[in-house]
Amino acid sequence: MRFIKKFVILLFLAIVVSSVLLYFLYDNYQVRRDDAILRTQKDIQDQYANLIDAQRNIAEIFYQEAIRESSVISYLYQANQGDGLAKNQARQSMARQLQSLFKSLQSRNFNYLNFYLNNGETFLRLQQPEKYGDDLTGKSYSIRVVNERRRYLEGFELSQDYNGYRYIFPLFDGSYYLGSVEFGISLQNFKNQL
């Protein structure tokens, strides 16, 4: 009888110790798993932030060096002031002038280079030069905000043309607001870079 009592007590103690040990092992596993998940999330967030920053820097360089200081300003001025014929001539000249720039942007993972007039009308899409003239004021939040505030805007937007990350810069001739230029990266291209 004493032997059975000792055996039951030892068995009970073994079960308690095993249970406590299993609890600590499982708890340690959960802590390590949660830490790994948090590290992975942080790595993805850092990659995302670095990609956004790198692409912004590229867009700013192209904006400063190739767009703002070029004949693009005079083409947009002509388009804002002129009739349909003047717009078409300015559009065609600008498209020819910017083809090599657009190819360079594409090699840096940009899919879109779009120009909008000060009324929100699409003046030129270098990826689709035959598609122009549509008013995006009511269709694109980004274009509407840039036209209203006349300030730089960036962010992810879903639209009828594409879903992607946009960097939109206002364009001026002196103090006259001409419209904006948009550098865009499609969602798929953005995901591929992560």
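The values are calculated or read from the model by the stated rules, or taken from the named source; none is laboratory data. Because the structure is a prediction, the values reported are computed rather than measured. In this analysis, Cβ positions are derived from the backbone assuming ideal geometry, glycine residues included, and neighbour counts consider all displayed protein chains. Side chains included, ligands, DNA and RNA excluded: accessible areas come from the protein's heavy atoms. Shrake-Rupley method; radii C 1.70, N 1.55, O 1.52, S 1.80 Å.
Results, tabulated for the structure shown:
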| quantity | calculated |
| --- | --- |
| Burial order of peptide ranges 102-110, 20-28 (average beta-carbon count within 10 Å, highest first) | 102-110, 20-28 |
| Expected 222 nm ellipticity per residue - DSSP helices of 4 or more, -39500 (n - 2.57), all of the chain, to 500 | -20000 deg cm²/dmol |
| Distance histogram for segment 139-194 (every C-alpha pair counted, 5 angstrom bins, percent rounded to whole numbers) | 4, 20, 28, 21, 13, 9, 4, 1 |
| Among 186-194, 122-130, the order from most to least packed when residues are scored by Cβ within 10 Å on average | 122-130, 186-194 |
| Segment 12-91-segment 149-194 distance, computed between alpha-carbon centres (Å) | 15 Å |
| Of the DSSP H helices in the chain, those whose Cα atoms cover at least 20 Å axially and whose Kyte score averages 0.0 or more | 2-62 |
| Mean accessible surface per residue for segment 80-164, computed with a 1.4 Å probe while every protein chain stays in place, in Å² | 51 Å² |
| The chain - charge dipole about Cα centre, Lys and Arg +1 at Cβ, Asp and Glu -1, debye rounded to 20 | 1000 debye |
| Peptides ranked, highest mean first, by Cβ atoms within 10 Å: ranges 55-65, 35-45 | 55-65, 35-45 |
| Reachable aspartates and glutamates from LYS42, criterion Cα separation under 17 angstrom, eight or more residues apart if same chain | ASP34, ASP53 |
| Rounded percent of accessible protein surface that carbon and sulfur make up, segment 13-171, 1.4 Å probe | 52 percent |
